[in-house]
Structure formats: C-alpha cells, structure tokens
Amino acid sequence: MANKEIDGLITDWVDNAVPGVQTLSPYVPGKPVDDLVRELGLSKVVKLASNENPLGPSEKILAAISTAATEVHRYPDGSGYHLKAALADRYQVTPDQITLGNGSNEILELVVRAFVNPGDRVMFSEHAFAVYPLVTQAASAISQIVPAKVWGHDLEAMLALMKADDSPLPRVLFIANPNNPTGTWIEEKELYSFLKQVPPEVVVVLDQAYAEYMMDDAYPLAEAWLNEFSNLLVTRTFSKAYGLSGLRIGYSLSSESMANVLNRVRQPFNTNHIAQAAALAALEDDQFLAESRQLNAAGLKQIMSALDDLNVSYIPTQANFLCFDLAKDAMPINQELLAKGVIVRPVANYGMPHWLRVSIGTREENDYFLSQLKLVLELNSK
Ligand SMILES: *Cc1c(COP(=O)(O)O)cnc(C)c1O
C-alpha cells in the first residue's frame, strides 16, 4: 500500500480502501432547492429532479407521523411487524417473505452484500439505475453492463451472455421495470419468458420503484411469480408514488429463504419507527395513491404534448419522470434552467449527455418548467 504520510500520519486514505472503493465515485443526487436558493438568491424554485411526489404527504400520513413521534425514545420494532403484516396481506405472501429497507436502495445493497464476492459479476443494462454499479463496485465486484436496446433492457442479449460457456454467470442481475432514467418498461409476456430462461442460481432483482404509476395492462406485477421463481426478488418503495422519500422506507418480496439471508446482513433497526408508521398509513390511503396516479398521468400528457409542440423528442413512459433529447450537450441548457429556478436532472452519468430528465410535478410546476424550457431553447436557437 502506497500510503501518503506526513509526519507519520496517513493523509490519504483512498489507497487503504478496499479495491472497489478506491475508484468509486459517489452518487450525485438531484440538487436540493435550498442550495439553489442560497447560490442564486432566487425566490421561485421548481424542483423536478428526483422523481418525488409533488403532492407532498397526505393528511393521513401526517397524522400517523405525529402519533408515532411520541414514541421516538424507544427503539423501533426491528421486525416491522405491523407493516409486514399489511404488506403480506396485500400481496398474499407470508411476512417472512418480506424484507424492509431504509429505502429500497438499502435492499439493493443488502442483496449484493449477501450474495456477491469480490471479483464476482453483477449484470445490468446500460442506462440503468445508477445505484446498481455503485453497490457492485463497493463490493469489489465486476459490473457486466449489457448494451441497451432502444433505451430499454435487451433481455435477449442478457440471456445470450448468461448462456455463453466462456463467461462465468453473474451472481446477481438487476432489472429496473420501469427503468430510471429512461422510463422504458418490459411487458408481462416478455419478462415471464425471460425469467423462465434465467439460470436458477442467478438472483434476479426486479426493481419496481415506479410500479404504482403504471397504467398499461401489460405491465407485469411480478409478485405473483414468487412461488415459481425462487431466485426472484421484487423491490418496491414508499419514496415515489406514496410520497415518503424523506423517511427512507422500501421493501422486497422474495422466497422466505432469500429473505432469511437478507435478514442476516441488515442492521437490527434498519427502518425507523416513524417511517414504519407512515408507510402503514400510506398503504391504507387508497385515495391519495389514486390522486397521485391521476396527477402523474395528466402531467405526463401535458409535458409530452408541450415537448411535441417544441419539437423536442423524448422517450415515452408511464413513470413519474421523462427523458428528453436536446440533440447537443445538455449541460449548458441545464445551467440556464437552473438560473431560471428550474432544477431538472442531467443524465450524462448514464451515458446520455444530450438528454435531461424531468420529474412530473403539479400542473403549475410543469407549466413553469415548460415556459422556462421554451425560453432557453429560443435563446439557444438564435
Ligand atoms: C428511486 C429509485 C429507487 C430507490 O428509492 P428508495 O428511495 O431508496 O426506495 C430504486 N430504484 C429505482 C430505479 C429508483 O429510481
């Protein structure tokens, strides 16, 4: 180890980190509203950068949070009894098939920690969710990135790679359905036939963070397939359609045996008391979910039709975000939008330097974004 020492003190710890971490770049989140207000002194800021629910938490959720707050001197229920019971009822599984996570992000990490050795492979698609390469590299494992097909997952190419004799099988395969940031999704028939062909020792993580927004009848609710595929783990979250990003709570459904493995590596109290209570209230608040879905569908329509008018192409989706193509480096346009108080998400780190991703907001937020985008595009075309 080539430690940089000054007067006997190590000043650079990167060389001491495990191999994967030495070259790891941290996740870059959407810019917080406060940052932009501070930096530019703007009074009006619209943040459409992190796929959050623009409605904010429902009244029922706020009430549950306030009740739960009186108990924060106690450790939370580490087993999440009540929330797991409600989820088990909803999906017709046993509570032992459920794993709660500090966001579904934590579950992605637990899977890799439990099943992947340094040097093992983890497979996922080009343009797939940024956390997959992060958790893979943190485990000093190898990312096996499969080129995308029309911005979506190329399942045939994945199968071909897994069937090739000369390459070791990935330990874990991540599939985001729908995918973030591209918004593409895989239909039921195709996904089912794919799962049938994946070697049974490969853990398939089906990330359904945006499932609640999907309107397409052909969108698969893969929870129904758990008995058939013991290598399947489906993740879901309360961060998106349920509006609880700030509380960090998500979950997975799998075989009891796989959940047992994850239970060994999680922190004893990985999900907190307030988050569990809020998630339980959110799960019971059908009206809020319906409203969120409806607002999103209307917002998508509004944004897609305005982009059509502006001659800006985009990748069609049903999720609560949309990627649009500026046909040139998107960074200057992103900067100009920031200057006008609009925060969207650059996706150059996803291999899409000409694109930006916008989250669907309220009608007013969408209007503001579209009016500012129009101005910026007009200025840039001169
Ligand atoms: C947002 C997101 C998640 C994780 O969200 P959590 O807040 O950690 O539950 C997981 N997968 C995808 C594809 C996402 O976009």
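The values are calculated or read from the model by the stated rules, or taken from the named source; none is laboratory data. Keep in mind it's a predicted model, so treat the numbers as computed, not measured. All Cβ positions, even for glycine, are placed from backbone atoms using ideal geometry, and neighbour counts span all protein chains on display. Ligands, DNA and RNA are excluded from the accessible area calculation, which covers all protein heavy atoms including side chains. Shrake-Rupley method; radii C 1.70, N 1.55, O 1.52, S 1.80 Å.
When the residues of region 131-151 are narrowed to those that are β-branched (Val, Ile, Thr) and not in a helix (DSSP H, G or I), which ends up most open to solvent (accessible area, probe 1.4 Å)? Only one residue tops the list, namely VAL150. Considering only residues in region 328-342 that are part of a helix (DSSP H, G or I) and not hydrophobic (A, V, I, L, M, F, W, C), the one that is nearest to LEU379 (Cα to Cα) turns out to be GLU336. Here VAL18, VAL14 are screened, and the one residue that is within 28 Å of VAL202 (Cα to Cα), open to solvent by 60 Å² or more (accessible area, probe 1.4 Å) and aliphatic (A, V, I, L, M) is VAL18. Among the conditions (1) free of Cβ contacts under 8 Å to residues at least 40 places away in the same chain; (2) within 16 Å of the ligand (Cβ to nearest atom); (3) part of a helix (DSSP H, G or I), the only one that PHE194 does not satisfy is (2). The set of residues from region 107-119 being open to solvent by 20 Å² or more (accessible area, probe 1.4 Å) and assigned to a loop (DSSP other than H, G, I, E, B) comprises ASN117, PRO118, GLY119. When ALA306 is tested against (1) within 13 Å of the ligand (Cβ to nearest atom); (2) part of a helix (DSSP H, G or I); (3) in contact (Cβ under 8 Å) with a residue 24 or more places away in the chain, only condition (1) is not met. When ILE315, ILE343 are screened for being over 27 Å from SER43 (Cα atoms), at pLDDT 95 or above and touching a Leu at 6+ places or on another chain (Cβ under 8 Å), only ILE315 passes.
Exactly one residue out of ALA64, ALA49, ALA128, ALA69 is open to solvent by 40 Å² or more (accessible area, probe 1.4 Å), of a type in the set (A, V, I, L, M) and modelled with pLDDT of 95 or more: that is ALA69. Residue-level check: of (1) small (Gly, Ala, Ser); (2) closer than 21 Å to SER254 by Cβ; (3) within 16 Å of the ligand (Cβ to nearest atom), ALA130 misses just (2). Scanning region 197-209 turns up no residue that is in contact with a His (Cβ under 9 Å, 6 or more places away or on another chain), open to solvent by 20 Å² or more (accessible area, probe 1.4 Å) and touching a residue at least 12 places away in the same chain (Cβ under 8 Å). Which residues, counting only those in region 267-282, are of a type in the set (A, V, I, L, M) and open to solvent by less than 10 Å² (accessible area, probe 1.4 Å)? Once the filter is applied, which keeps residues that are of a type in the set (A, V, I, L, M) and open to solvent by less than 10 Å² (accessible area, probe 1.4 Å), region 267-282 yields ALA275, ALA278, ALA279, ALA282. The residue that is farthest from SER50 (Cα to Cα), counting only those in region 238-277 that are among the basic types (Lys, Arg) and away from the ligand (no atom under 11 Å from the Cβ), is ARG264.
For region 261-271, check the following and say yes or no: at least one residue is basic (Lys, Arg), modelled with pLDDT of 95 or more and on the phi > 0 side of the Ramachandran plot. No, every residue in region 261-271 fails to be basic (Lys, Arg), modelled with pLDDT of 95 or more and on the phi > 0 side of the Ramachandran plot.
In region 214-266, which residue that is part of a loop (DSSP other than H, G, I, E, B) and among the acidic types (Asp, Glu) is most open to solvent (accessible area, probe 1.4 Å)?
ASP217
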